[in-house]
Amino acid sequence: MATLDSTQLGQLAQDYQSLGEALMQYKLDNAANLSSLEFQDLSGRINLIMHNSNILAATATYTITADISGQLAAISDAGNEIAGALKTIRTVQTVIDIATAVVNLGTSIISLNVGGIISGASGLVTAIRNA
């Protein structure tokens, strides 16, 4: 089973937090156009993402080893693509779908489930590219 080393986990924590920050910016930029339910839904998911990123940063102090560089690159690329994608999305449900993909990825990262990280990274990239 593949694992992550502390450097990879630290980078993953930063990239994951960037995803949450991009979603937070979307929420702030579009607050006037969101229903109360949409605003609360995004807020809850963003709070969970930011909480998970804090856990990841703390976990990065422990060394675990492996090579999943392809998935790490995909997550980093997703972080670079998400801000642009969020600016062009026309439906809030698509943003909620992306936020869900970020939360799912974070759950796998927190549990150090490498298979889940691989699947979650793929799901996130797909959600962003389908936006």
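The values are calculated or read from the model by the stated rules, or taken from the named source; none is laboratory data. These figures come from a predicted structure and were not determined experimentally. All Cβ positions, even for glycine, are placed from backbone atoms using ideal geometry, and neighbour counts span all protein chains on display.
The set of residues in the range 5-50 that are in contact with a helix residue (DSSP H, G or I) (Cβ under 7 Å, 6 or more places away or on another chain) and part of a loop (DSSP other than H, G, I, E, B) contains only LEU34. Quick check on the range 65-96: of everything there that is assigned to a loop (DSSP other than H, G, I, E, B) and polar (S, T, N, Q), which residue is modelled with the lowest pLDDT? Within the range 65-96, the match that is modelled with the lowest pLDDT is THR65. Among the residues of the range 1-51, those identified as at pLDDT below 90 and either in contact with a Phe, Trp or Tyr (Cβ under 7 Å, 6 or more places away or on another chain) or farther than 20 Å from THR100 by Cα (or both) are MET1, ALA2, THR3, LEU4, ASP5, SER6, THR7, GLN8, LEU9, GLY10, GLN11. You will find that of ALA22, ALA58, ALA83, the residue that is surrounded by 16 or more Cβ atoms within 10 Å (Cβ to Cβ) and either of a type in the set (A, V, I, L, M, F, W, C) or farther than 23 Å from LEU4 by Cα (or both) is ALA22 and no other. Residue check: ILE118 meets all listed conditions (1) more than 22 Å from GLN40 (Cβ to Cβ); (2) β-branched (Val, Ile, Thr); (3) buried (at least 18 other Cβ atoms within 10 Å of the Cβ) but one, namely (3).
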